[in-house]
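One structure, pasted below without further comment.
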Amino acid sequence: MRLHCTVLALLATVASGVPAAAQSSNEAASFRVFLRGSAIGGEDVAVRQTPEGVTITASGRLAAPLDLVMRQCLVRYDAGWRPVDLSVDAIARGAALTIKTTFAEGRAESEVTQAGAPTRKTDVVSADPVVLPNVCFSAYEALALRLGGVADGAAIRAYVAPQAE
């Protein structure tokens, strides 16, 4: 079920044609998410590219069975496509959910608070993974941008926040 939504989001992102150049730009898009052929919601995303890096922000809503209100998802990368941080503010199935992850020295340090219960986690990550929180399809914009600038056969690692690379 999640795979189908993820694949649709990825295809929409790749097809959106967001420029991969390093100049300053602002791009906005809306994604519609389908499950078993029925629309269950969507996300609005803004991508800001500057010489300093890329910032992706999104908000949206997904109906049952996912039941998610994404108040904000923010992912930042530096100019070398190294992730800087991730911040998620959402309501998942009626309970508050926040994810805050920072990246430094080969580690992703996450603080997750779900329904008032905080947990901390540290994962080992490569220097430049694409950050893909499993509650924010718009983060796939980074993958689309990265795909435009890699050679055939190159590997791009992904960090599914806050689970693992």
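The values are calculated or read from the model by the stated rules, or taken from the named source; none is laboratory data. What you see is a predicted model; the values in this text were computed from it and never measured. All Cβ positions, even for glycine, are placed from backbone atoms using ideal geometry, and neighbour counts span all protein chains on display. SASA here: full protein model, heavy atoms, side chains in, ligands and nucleic acids out. Shrake-Rupley method; radii C 1.70, N 1.55, O 1.52, S 1.80 Å.
Could you sort Ile40, Ile91 by their accessible area in this structure, using a 1.4 Å probe and putting the largest first?
The ranking, largest first, comes out as Ile91, Ile40.
Tell me the per residue accessible area of region 115-156 using a 1.4 Å probe; a whole number in Å² is fine.
Averaged over the residues of region 115-156, the accessible area is 49 Å².
Ok, one more. Counting alpha carbon pairs within less than 8 Å and at least 6 residues apart, what relative contact order, in whole percent, applies to region 63-165?
Here the relative contact order equals 20 percent.
Can you send over the carbon and sulfur percentage of the accessible area for the chain, probe radius 1.4 Å, protein chains only?
For the chain, the apolar C and S fraction of the accessible surface comes to 54 percent.
At a Förster radius of 22 Å, what calculated FRET efficiency corresponds to the Cβ-Cβ distance of Asp78 and Arg32, to the nearest 0.05?
About 0.10, to the nearest 0.05.
When only C-alpha pairs under 8 Å and at least 6 residues apart count, what is the relative contact order of region 42-83, in percent?
Taking the mean separation of contacting Cα pairs over the length of region 42-83, I get 36 percent.
Would you calculate, for the chain, the mean residue ellipticity at 222 nm contributed by helices, counting each DSSP H stretch of 4 or more residues as -39,500 (n - 2.57) and dividing by all residues, to the nearest 500?
Theoretical 222 nm ellipticity from helices: -4000 deg cm²/dmol.
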